[in-house]
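Please treat every number below as a calculation from the coordinates, not as lab data. Nothing here was measured: the structure is a model prediction, and the numbers come from that model. Glycine also receives a Cβ, built like all others from the backbone with ideal geometry; neighbour counts cover every protein chain displayed.
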Amino acid sequence: MAKERSERSDRKDNREERDSEFIDKLVHINRVAKVVKGGKRFGFAALVVVGDQKGRVGFGHGKAREVPEAVRKATESAKRGLIRVPLREGRTLHHDIDGRWGAGKVTLRTAPAGTGIIAGGPMRAVFESVGMADVVAKSKGSSNPYNMVRATFDALKKQVSPRSVASRRGKKVSEVLRRTGAGIATAE
């Protein structure tokens, strides 16, 4: 009996340890009202981005009657849907990419060291959570935070590393990264 309790507390400690490695950023809170016979009942919807700043990131949505409960639900939802993003040198993207969700469109571009995160609100939260240090991003279309976050995740899911491309093609990473001037004709 005592052994079961200690195993259970060990599992709880491990879960808390795992949870502590993540940082969560509250992106948006929306107050929603339900009209009932006696008046209005207010609730809250929260959008949260969670990441470990080492390439894993997720987002979640939670609704409740109180703000802290909505944020807690959103955080749990975000931890269930984590994705891994390949980063070049641990600080930027491997290549430029576009993403879209509904009417929200985003363009993400690689940046040299020292550039920082040049992005608007919801996208900035995603990049800080994933651990990106240098990126330039532009959002077009909808400025709705939900659409912007989902469009950013759409773009990040399309991100591929040279290692994965090399393994898919059956080549070495150096062959994939090599930039040859074979397509450029020289005039002699």
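Net charge in the neighbourhood of GLU69 (other residues with Cβ under 12 Å of its Cβ; Lys, Arg +1, Asp, Glu -1) is +2. When HIS61, HIS95 are sorted by how many other C-beta atoms sit within 10 angstrom of their C-beta, beginning with the fewest, the order is HIS95, HIS61.
Within a Cβ distance under 9 Å of VAL106, other residues only, what is the Lys/Arg minus Asp/Glu net charge? If you can, show how the numbers build up before the last one.
Working: positive: ARG100, LYS105, LYS138, LYS140; negative: ASP98, ASP154.
In short, +2.
Pairs exceeding a 23 Å alpha-carbon distance, out of LYS79/LYS157; LYS40/LYS63; LYS138/LYS172; LYS138/LYS158; LYS105/LYS171: LYS138/LYS172; LYS105/LYS171.
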